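The values are calculated or read from the model by the stated rules, or taken from the named source; none is laboratory data. Bear in mind that the values here come from a model prediction, so they are computed numbers and not experimental data. Cβ: placed from backbone, ideal geometry, glycine included. Neighbour counts: every protein chain shown.
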Amino acid sequence: MMRDNRRLNFLLLAASISFLLVPWYRLRGGFFGLGWVGDYLGDDRIWPGVAQLGQWWLWPVPALVLLAAGLRLTLPPSRRGGWLAVIGAAGIVWMMTQGLSVGLRGWNWGALEALGEVGGQQAFGAGAIFMLLCFAAMIAFGLAERGALKGDAFVLSAITLLILLVALFVFYPLVSMFTGAFQDFDGSFTAEGVARNIGDPNIWSLGCLTGSGGCGVAWRTFFLAICTATGTTLLGLAFALVATRMRLPFKKGLRLLTVLPIITPPFVIGLALTLMLGRAGFVTEFIEDITGWELGRWLYGLTGIWIAQMLSFTPIAFLVLIGVVEGVSPSMEEASQTMRASRWRTFRKVSLPLMAPGIANAFLIGFIESMADFGNPLVLGGNGGVLSTEIFFAVVGAQHDPSRAAVLATVLLGFTLSAFLAQRLWLGRRNFATVSGKGDGGRHAALPRRVAGPVACIAFLWAGFTVFVYGMILFGGFVKTWGLDHSLTLAHYARAFSVGFDRGFVWTGVAWNSFWTTMTIAMIAAPLTAIVGLLTAWLIVRQRFPGRGIFEFALMMSFAIPGTVIGISYIMAFNLPPVQMTGTALILVFCFVFRNMPVGVRGGVAAMAQLDGSLDEASLTLGASSPRTLRKIILPLLRPAILAALVYSFVRAITSISAVIFLVSAKYNMATAYIVGLVENGEYGVAIAYSSVLIVVMISIIGTFQLLVGERRLRAPVQPAPRINCQETPA
Amino acid sequence: MTTQTRGAVAFEQVRKDFGAFTAIPDLTLRIEPGELVTLLGPSGCGKTTTLRMLAGLETPTAGRILIGGEDVTRLPANRRDVSMVFQSYALFPHMSVAQNVAYGLESGGMKGGAVRDAVETGLDLVGLGGMGARLPSELSGGQQQRVAVARALVLEPQVLLLDEPLSNLDARLRRRVRTEIRELQQRLGFTAVYVTHDQEEALAVSDRIVVMQNGRIAQQGPPRELYEQPASDFIADFIGESNVVPCTVEGLSEGAATVRVGGLVQQVPARHAVLGPARLSVRANAITVQTGQGPFMGRIATSAYLGDHLEYEIETAIGPLFAVDAEGDAPLSPGTPVTLSFRPRGLALIA
């Protein structure tokens, strides 16, 4: 009782401060700069909500808070709980409604003009955001007072907050994107843009099949994704078989390949291929010199993108398939052998069918990755792009057609979500891989000879090719001009990363600005991602709340949303009130947090599943609250998973390009976006040098992390140390 | 709360649903202060759910739970004056033994020297003094279990909850630890609720046994009452191995009943018997198996040699019987005709 009241007092106080003191609307100079404090009294745009009450649509906000205060004074917790939750929900709904209805210059929707003339309002500022959080907390506290989830206010607050955040940063942008497709420049409804684009033969034509012209971009992307998925799955399977079923030298080195896709900025492979096989590439010129053929621009287009994607995504397939191949119970293969089956028959009739669902899974992941890839097509696309680049050019290019971008993004989203749903709903129930946890005795059967030979050949050839490409990337930064002048130079590095001492210490290199921005934003985003991801995992695994399954599904689904779609939807959602963030560092941080969170969630869920649930319960029955349980028991035991989530989100924030390129601004430019700019200007040397530096930075980060985790495992060998690979992939 | 009610527990018409499944339809149960009550039953009977509701780890769908006379139905686990010993011990693997024992004290706001003293006392209590610096993983199963008990007891809860505390120990250790738990409980006089599926364990430690079946109380009482006066076939079979056979009550006099079972006539305590057909519980170890002719014949179906005793399945006119023979030396081979008799102490009419 006491506790319930104290909690609610605090909440009401916070709500009052939000309304009475804190600037209600968004400040141009930013809230955290605190530059506004000096002008506080003089400028009515800085005034708090109470001073903005000339706008009648804000009246319900204080009314609801007063109502809650009234309940606090008159009713005991058990009787007021339900009402508090209703008030909180009403507050959130009303604030969102008014925010979406009244824009900068009055009504956002023509239909509302019947309600009378209104002035405009700015986007939500600190006061409004705090008030939203207060209403969310009111829902949680109200439900706790009613005894929901054993009356645990902390858990309920966490759930409410997460649902609010996911709604705001995953679903609201997507909805904005769809509605944006139907809006004119002045915001009025029009179906013209959609009608024009949805039947566009440039998207849907199947001309290449009938021989009458080219295929539409949707089909081209689809074919490319199928080819990439097939290729990466086959190569990945070959690598997985070599790594787990054969005794060969350098096998350990193969596992290093799995780190590559995380640390490589997505366009780097494309860049390296250009330098090798492009029109002026040295391999191209070598072949042309010898044979006299005119190879020209063969690399640009789907072929080149396909090769680049094969290089980029084979390691991901490899990572998925290692688990699959190891997951086949050795006793199955031994059983088959004792029943007089040859190695070939065992492989064909037992091992392969058992792996089939996992192989299909790897295929779908390859499909989604290829669809979502933006960096390689941007560099190698030439005239025939794919959906993700078409979306980009529809926004930034000369045509500037937001509704076209929205339609294309919807098509892309349709493809990836279908693949995701297929993966979850159809494959989810067809998993034979034995993950019983109990050690299954026995040894895996050796590969039949007719499989082993070719598989080893392919794997090592491809590994060689990959090493060669990466070698080129490192080497490329040190030569003057690719293809023309291969004399060694440090000029590119100097241009990018020089420092000066003329007037004190100055970062003179062109790369420093974006480099430090990238590091700072990644540094801010990584812990947030880890916190949100692991908190979510804890809620999903340990708390039984209604809608948990849907919540988890929605979170995982956000992984299947291509970065390009996220980028475009974020600009459409956060460019105008009520939530306006474009051009800030904040939007980049939120983008990274909600884009990388699913990986943290998956890692956390896997790690948590290995922790005995009675540890939490023991802590509770020993008198610890849930926050204390989380802090003292769960977090220490999950440290490897936390570190993995931290490193993963940090690295992903550095290498990501697809969403970022829409969201960067002159003030907050990210490394990847800057490098793409260099490539567009033809400054390959600097671009390559910068990329190499990024790769080296990330290798050292991951290496340090491995050392940290490894050391800890030595110290406490007995405790259940759930180790999560930082090379998580969507699965 | 007076000293009389401290440690008293009451379930009042408690119901628990999990979705569409009703685990506990309607449970009313009182536990007196200082009593050790065992919840006994097969898996899925609702005994663990009952315990977890008392701990605050599950919330009842309906009804009230009182601890020490106070309604705790809506109180979360960490604010209830109970502590629990888990089947898996649930010792925190990243904390030393002493830190584990101190954890609950510190959660309650105790600090510094007081914590150290209490931890020391607690570990001495379970015979682990001086082991505080070790990690749980460095202890044997029995020692870990005792740490879990110490961790729960230092909080001096009104009620100690034990969820199958011995099931991860081997048979010999189980007997010892169960004696220790019972001694501690008698010495310190706390109320304890003990969940188990092992009837022998229940008989050994309890003041009172509550046998549960399908979420309901099938029978409750002191161990001896349950053993000697089973209320149903289920109880007779669950507490000690019994054969339940049809019989006829032929006479009643001075608290004794004369029953005819198979070809035998036996005297058993009358309880609530009436004349006519009835059901009789025959303990497996109350059946004497001999070769030769007699009034009640059977034929050996299977036999097994178990060292200190023999086990038989015997076909008879009143159905198959399971018999444990502690006297015979060599097992009789299947098919052998045998004559059977019952020792009176192992017989009870089912009320």
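From the list A:Ala317, A:Ala272, pick out the single residue that is farther than 25 Å from A:Ser692 by Cβ, crowded, with 19+ Cβ neighbours inside 10 Å and touching a residue at least 40 places away in the same chain (Cβ under 8 Å).
Exactly one residue qualifies, and that residue is A:Ala317.
Given the criteria surrounded by fewer than 24 Cβ atoms within 10 Å (Cβ to Cβ), more than 10 Å from chain B (Cβ to nearest Cβ) and among the hydroxyl-bearing types (Ser, Thr, Tyr), does A:Tyr648 qualify?
In short, no.
For the range B:262-291, how many residues meet the condition of being under 16 Å from B:Ala323 (Cα atoms) and either under 31 Å from the mean Cα position of the chain (by Cα) or surrounded by 14 or more Cβ atoms within 10 Å (Cβ to Cβ) (or both)?
So the count comes out to 12.
Which residue is farthest from the other protein chains (Cβ to nearest Cβ), if the candidates are limited to the range A:615-632 and must be among the polar types (S, T, N, Q) and over 21 Å from B:Gln144 (Cα atoms)?
Only one residue fits best here, namely A:Ser626.
Does B:Pro76 satisfy being farther than 23 Å from B:Gly7 by Cα and touching a helix residue (DSSP H, G or I) at 6+ places or on another chain (Cβ under 6 Å)?
Answer is no for this residue.
Look at the range B:295-312 and say how many of its residues are part of a strand (DSSP E or B) and either among the aliphatic types (A, V, I, L, M) or surrounded by fewer than 16 Cβ atoms within 10 Å (Cβ to Cβ) (or both).
8
Condition first: crowded, with 23+ Cβ neighbours inside 10 Å, modelled with pLDDT of 90 or more and more than 14 Å from chain A (Cβ to nearest Cβ). Can you find one or more residues in the range B:137-147 that meet it?
Yes: the range B:137-147 contains one or more residues that are crowded, with 23+ Cβ neighbours inside 10 Å, modelled with pLDDT of 90 or more and more than 14 Å from chain A (Cβ to nearest Cβ).
Only residues that are under 19 Å from A:Ile633 (Cα atoms) and facing another protein chain (nearest Cβ under 8 Å): list them for the range B:57-88, please.
B:Leu57, B:Pro76, B:Ala77, B:Asn78, B:Arg79, B:Ser83, B:Met84, B:Phe86, B:Gln87, B:Ser88
Which ones in the range B:99-133 are away from every other protein chain (no Cβ under 14 Å), surrounded by fewer than 22 Cβ atoms within 10 Å (Cβ to Cβ) and not in a loop (DSSP other than H, G, I, E, B)?
If the condition is that a residue be away from every other protein chain (no Cβ under 14 Å), surrounded by fewer than 22 Cβ atoms within 10 Å (Cβ to Cβ) and not in a loop (DSSP other than H, G, I, E, B), then B:Gly112, B:Gly113, B:Ala114, B:Arg116, B:Asp117, B:Glu120, B:Thr121, B:Asp124, B:Leu125 are the ones that fit.
With the range A:255-352 as the region, which helices (runs of 4 or more DSSP H) entirely inside it contain at least 1 residues that are in the same structural domain as A:Val242 (by TED's automatic domain parsing) and farther than 25 Å from A:Thr230 by Cα?
Counting at least 1 such residues, we get A:330-338, A:343-346.
Among (1) surrounded by 15 or more Cβ atoms within 10 Å (Cβ to Cβ); (2) within 14 Å of another protein chain (Cβ to nearest Cβ), which single condition is B:Thr191 missing?
Just one mismatch for B:Thr191, condition (2).
Going residue by residue through the range B:28-50, is there one that turns out to be at positive phi and either of a type in the set (Lys, Arg) or assigned to a strand (DSSP E or B) (or both)?
Checking the range B:28-50: not a single residue is at positive phi and either of a type in the set (Lys, Arg) or assigned to a strand (DSSP E or B) (or both).
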